[in-house]
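Okay, structure first, notes after.
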Amino acid sequence: MRLEGPLSNNEHNKRESLEAPPATEAQSPPRTLFGTLARLGPGMIIAGSIVGSGELIATTKTGAEAGFWLLWLVVIGCIIKVSTQIEFGRHTIAWGETPLKALNALPGPRVRVNWLLWYWTFMTILVVFQQGGILGGVGQTLAISRPLTVSGAEYNQLQDELVRTRIELKILQAEDPNSPTVVEKQQGATRLREQIATYREPPDPYLWATILAVVTLILLYVGRYRIIQLVATTLVAVFTVVTIITLIALQLRPEWAVQGDDIVRGLSFRLPPANPATNANPIRTALGAFGIIGVGSAELIMYPYWCLEKGYAKFTGPRDGTAGWTARARGWIRVLYIDAWASMVVYTFATVAFYLLGAAVLGRIEFNPEGRDMVRTLAAMYIPVFGPFAYWVFLSGAFAVLYSTFFVAAAGNSRMVADALGLYGLTDGSEAGRAKWTRRISSVWPFMALVLYLFVRAPAAMVVACGIAQSVMLPLLGAAALYFRYRRSDPNLTPGRLWGLTLWIAFAAFMVVGIWSLVTVLAG
């Protein structure tokens, strides 16, 4: 049985003839646990993209500005998007078409393509800004650990001394706030700030960013799915474990430990008060973080592309309406479920750990990660546990997750942009053409991110701005998922009412965040 969507049957037949794989490529889905685990992968690639800018920068920055107040938003942001992610993946397996083609087929105004694709294009431009911010973060990381110039080494020394002074001041204030040593440390910190303010910014972060952009360009041009999956999985796993261990070890230090009252406050579903000490708007940062943490709008669209590349739709076989096709589709959709939920567990643990570290350390010493010293400020989270080794621990991990995010997001977005070129009529839209343009765009993407970073030079702001744009996109994708569920769902593959309820709850949450983000931006 063939279902009609917004396109006619003839148009669907033409599309499926172009995109359906040969029958010989159909494979039965795995039936054992180990067989299923061997077929997982797209979710971990997405986790590799997620556990980076969203967690290390946006989530931590939210904790630094809002304290523990917004823990509830972070948890919800990770969990609530999975149903929409799975619905997009289910539609891809059932119809064998890319997500952008599915969005282009939705009802609504069209100017060459559906209006949703025009907003996706705008969001993708901001994603390049986000990628520039991430590349800047990686450049800062290497500039701190491996300065390339004498001025860079001198600047590092001053900044390191300031961070150590702030940490020592926090400990002294907890022990005896009236101690003469406290006043001495405060005066020392003030002198260091004044000295740093007059110091010319060294070029090291920009030199490293340039080197990394070139390396990434080469890796993406020659890379394949297996390389990307291996890099993402390995890098994310290492630093996620280190971060969780750091949070546990922090409990041994009373002045830094996360107390039960902190968790209760964080899960009270209340908004944080303004914090004049950080001179920031935590609500705005939180909304930006919500668009990025967990599966952001870009990852919701990107995920089915990795499912296609992993072979879930190809192994299901051409859509012929037979019982064999239905059985294969159900089996590969079950693999999709496990893949998506397993990756959700990974990035939720990482996200909560980063948020709590940001609130417990940066929030208490009133450090706000931003500007040219974003990475150095983030490293302060690890000093209470690792002391003088904190920078090496953090910088190694920061390089892993930030570069993993940059690498995976560049690869995934290149695939989406190549697909969009066909929909806009700029290429022939064939599979071979899309593969060719994916390699070309992969070569250009790191260079565009580098140029934006060199001109904007505000990595945290670049990441948060993209997060807000993705927050506005979320309700649009939530509505699309509902359309797929109720208008384009194969009766033999339609989930139960409870699943439909989760999609409606996600859509309602997306609407709140999307409207709030839009109003916040318009209000300045």
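The values are calculated or read from the model by the stated rules, or taken from the named source; none is laboratory data. Because the structure is a prediction, the values reported are computed rather than measured. Because the Cβ atoms are built from the backbone with ideal geometry, glycine has one as well, and the counts that use them run over all protein chains shown. Ligands, DNA and RNA are excluded from the accessible area calculation, which covers all protein heavy atoms including side chains. Shrake-Rupley method; radii C 1.70, N 1.55, O 1.52, S 1.80 Å.
Can you work out which of the residues in region 190-204 that are touching a Leu at 6+ places or on another chain (Cβ under 8 Å) and in a helix (DSSP H, G or I) is nearest to residue 456 (Cα to Cα)?
204
For the subset of region 404-434 comprising residues that are in a helix (DSSP H, G or I) and β-branched (Val, Ile, Thr), which member is nearest to the chain's Cα centre (by Cα)? If you could, list the steps in order and put the result at the bottom.
Pass one, region 404-434, residues in a helix (DSSP H, G or I): 404-423, 431-434.
Restricting the remaining residues to those that are β-branched (Val, Ile, Thr) gives 405, 408, 417.
Details: 405: 7, 408: 10, 417: 18 Å.
By that ranking, first place goes to 405.
Scanning region 508-518 for residues that are open to solvent by less than 50 Å² (accessible area, probe 1.4 Å) and within 17 Å of residue 300 (Cα to Cα), which turns out modelled with the lowest pLDDT? So that I can check it myself, show each step before the final result.
Let us first name the residues in region 508-518 that are open to solvent by less than 50 Å² (accessible area, probe 1.4 Å), namely 509-510, 513-514, 517.
Now drop any that are not within 17 Å of residue 300 (Cα to Cα), which leaves 509-510, 513-514.
On the way: 509: 88, 510: 90, 513: 81, 514: 84.
The extreme case among them is 513.
Tally time: how many residues in region 328-368 are over 30 Å from residue 85 (Cα atoms) and in contact with a helix residue (DSSP H, G or I) (Cβ under 7 Å, 6 or more places away or on another chain)? Working first, answer last.
Let us first name the residues in region 328-368 that are over 30 Å from residue 85 (Cα atoms), namely 360-368.
If we keep only those that are in contact with a helix residue (DSSP H, G or I) (Cβ under 7 Å, 6 or more places away or on another chain) too, we end up with 360-365, 367-368.
The total comes to 8.
How many residues are closer than 27 Å to residue 425 by Cβ and open to solvent by less than 80 Å² (accessible area, probe 1.4 Å) if we restrict to region 438-450?
So in region 438-450, the residues closer than 27 Å to residue 425 by Cβ come out as 438-449.
Among the residues that remain, those that are also open to solvent by less than 80 Å² (accessible area, probe 1.4 Å) are: 438, 441-446, 448-449.
Summing the residues that are closer than 27 Å to residue 425 by Cβ and open to solvent by less than 80 Å² (accessible area, probe 1.4 Å) in region 438-450 gives 9.
Scan region 364-403 residue by residue and report those that are on the phi < 0 side of the Ramachandran plot and not in a helix (DSSP H, G or I).
If we filter region 364-403 for residues that are on the phi < 0 side of the Ramachandran plot, which is where we start, we get 364-365, 367-370, 372-386, 388-403.
Answer for region 364-403, where residues must be on the phi < 0 side of the Ramachandran plot and not in a helix (DSSP H, G or I): 367, 368, 369, 370.
Would you mention how many residues in region 367-382 are closer than 22 Å to residue 251 by Cβ and open to solvent by 10 Å² or more (accessible area, probe 1.4 Å)? Spell out the reasoning first.
The initial filter retains those residues of region 367-382 that are closer than 22 Å to residue 251 by Cβ, namely 367, 378-382.
Those still in the list that are open to solvent by 10 Å² or more (accessible area, probe 1.4 Å) too: 367.
Residues in region 367-382 being closer than 22 Å to residue 251 by Cβ and open to solvent by 10 Å² or more (accessible area, probe 1.4 Å): 1 in total.
If you go through region 18-50, how many residues are open to solvent by less than 30 Å² (accessible area, probe 1.4 Å), at pLDDT 85 or above and polar (S, T, N, Q)?
Within region 18-50, residues that are open to solvent by less than 30 Å² (accessible area, probe 1.4 Å), at pLDDT 85 or above and polar (S, T, N, Q) number 1.
For region 317-339, give me each residue that is modelled with pLDDT of 90 or more and of a type in the set (Ser, Thr, Tyr).
326, 337 - these are the residues of region 317-339 that are modelled with pLDDT of 90 or more and of a type in the set (Ser, Thr, Tyr).
Name the single residue, out of those in region 168-216 being open to solvent by 80 Å² or more (accessible area, probe 1.4 Å) and among the basic types (Lys, Arg), that is farthest from the chain's Cα centre (by Cα).
Restricting to residues being open to solvent by 80 Å² or more (accessible area, probe 1.4 Å) and among the basic types (Lys, Arg), the top hit is 191.
Would you mind telling me which numbered condition in (1) over 30 Å from residue 461 (Cβ atoms); (2) out of contact with any Leu (no Cβ under 9 Å at 6 or more places or on another chain); (3) at pLDDT 90 or above residue 82 fails?
(1)
Restricting to region 145-167, what's the tally of residues that are over 31 Å from the mean Cα position of the chain (by Cα) and open to solvent by 60 Å² or more (accessible area, probe 1.4 Å)? Step through it out loud before you land on a result.
Residues of region 145-167 over 31 Å from the mean Cα position of the chain (by Cα): 149-151, 153-154, 157-158, 161, 165.
Applying the additional criterion that residues be open to solvent by 60 Å² or more (accessible area, probe 1.4 Å) yields 150, 154, 157, 161.
The total comes to 4.
Going residue by residue through region 486-499, is there one that turns out to be more than 23 Å from residue 58 (Cβ to Cβ), at pLDDT 90 or above, surrounded by 17 or more Cβ atoms within 10 Å (Cβ to Cβ) and not aromatic (Phe, Trp, Tyr)?
No, region 486-499 contains no residue that is more than 23 Å from residue 58 (Cβ to Cβ), at pLDDT 90 or above, surrounded by 17 or more Cβ atoms within 10 Å (Cβ to Cβ) and not aromatic (Phe, Trp, Tyr).
Can you give me the ranges of the helices (runs of 4 or more DSSP H) entirely in region 69-126 with at least 3 residues that are touching a Gly at 6+ places or on another chain (Cβ under 6 Å) and of a type outside the set (Asp, Glu)? So that I can check it myself, show each step before the final result.
Details: elements: 71-79, 82-95, 99-104.
The qualifying helices (runs of 4 or more DSSP H) are 71-79.
Of a type in the set (Gly, Ala, Ser), surrounded by fewer than 17 Cβ atoms within 10 Å (Cβ to Cβ) and at pLDDT 80 or above: does that describe residue 432?
Working: of a type in the set (Gly, Ala, Ser): yes; surrounded by fewer than 17 Cβ atoms within 10 Å (Cβ to Cβ): yes; at pLDDT 80 or above: yes.
Yes, satisfied.
Of (1) buried (at least 18 other Cβ atoms within 10 Å of the Cβ); (2) under 18 Å from residue 374 (Cβ atoms), residue 455 satisfies all except one. Which?
Residue 455 satisfies all of (1) buried (at least 18 other Cβ atoms within 10 Å of the Cβ); (2) under 18 Å from residue 374 (Cβ atoms) except (1).
Of all the residues that make up region 58-97, how many are touching a Pro at 6+ places or on another chain (Cβ under 7 Å), closer than 23 Å to residue 400 by Cα and open to solvent by less than 10 Å² (accessible area, probe 1.4 Å)?
Pass one, region 58-97, residues touching a Pro at 6+ places or on another chain (Cβ under 7 Å): 60-62, 64-67, 69-70, 88-89, 92.
Remaining after also requiring closer than 23 Å to residue 400 by Cα: 60-62, 64.
Of the ones still in play, those that are also open to solvent by less than 10 Å² (accessible area, probe 1.4 Å) are 60, 62, 64.
The qualifying residues number 3.
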